[in-house]
Amino acid sequence: MRSSPIRILVADDHPVVREGLRRLLGTEPGMAIVGETADGESAVEAARRLRPDVILMDLVMPGGVDGVEATRRILAENEAARILVLTSYGTDDKLFHALRAGALGALLKDASGKDLAGTIRRVAEGESSLHPEVARHLLGALVHGRHEVPLEDPLTAREVEVLREIAHGLGNDEIGEKLFISPKTVRTHISHILAKLHVSRRTQAALFALRHGIAELNDSPEAETKPAR
């Protein structure tokens, strides 16, 4: 059991929503809102400065940094950050991107105070938690073969090549040697790949490549050197 309150950062551009969350969580034992922001850029800065236990993240916010991008940036700086997405619509495609970027859960804004508090507690302990409507939408997308929403900014042919080698487990120097490009250029391509896929880790990018057939486990360099059984 925690000995200190769960420290919460709220990122939402609607003052009414922030006020409602203050009212709901202000009477909840073991919780304290330590900061509020109205846009993604401020959320990234506040997460860096305050190091909250849980970040309540809206998906659509003004400016150039939405909730998905803010999630990606926060987790790039702090892998241990725990982000709970708050959304008005369980069918919002941005949910796919936010969860793929590393958010631990998603909850509808019309959820009860009891559900909100319970979800925050689970996320604070590192558990993932999805609202039933969100879970149904994700499951439906998988059943209908839509494993991911289309990329907003498609990968270039060279980025696909680099991504394939990431999935094969090659390091930057090895990728550079194989594709006849410098390690610095490889790093640039990887940075663009992670941004386009809205992920913060190479392993997430590798999973994307395997899921979409960009790379196959049996066509990796290691597989080629293993004798057939």
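In the stretch 1-28, how many are in a helix (DSSP H, G or I) and of a type in the set (D, E, K, R)?
4
Inside the stretch 35-79, can you point out the residues that are part of a loop (DSSP other than H, G, I, E, B), surrounded by 19 or more Cβ atoms within 10 Å (Cβ to Cβ) and in contact (Cβ under 8 Å) with a residue 40 or more places away in the chain?
52, 53, 61
Could you list, in sequence order, all residues of the stretch 162-209 that are within 14 Å of the chain's Cα centre (by Cα) and among the hydroxyl-bearing types (Ser, Thr, Tyr)?
Listed by number, the residues that qualify are 200, 203.
Kindly list the number of the only condition in (1) part of a strand (DSSP E or B); (2) surrounded by 15 or more Cβ atoms within 10 Å (Cβ to Cβ) that fails for residue 32.
Of (1) part of a strand (DSSP E or B); (2) surrounded by 15 or more Cβ atoms within 10 Å (Cβ to Cβ), only one is false for residue 32: (2).
Could you grab the pairs with beta carbons closer than 6 Å, sequence gap of 6+ or different chains, first residue in the stretch 80-97 and closer than 17 Å to residue 198 by Cα, second one at pLDDT below 90 and not aliphatic (A, V, I, L, M)?
Partner pairs satisfying both residue conditions: 84/105; 97/198.
The values are calculated or read from the model by the stated rules, or taken from the named source; none is laboratory data. Bear in mind that the values here come from a model prediction, so they are computed numbers and not experimental data. Cβ sites come from the backbone with ideal geometry, for glycine too, and all protein chains shown count toward neighbours.
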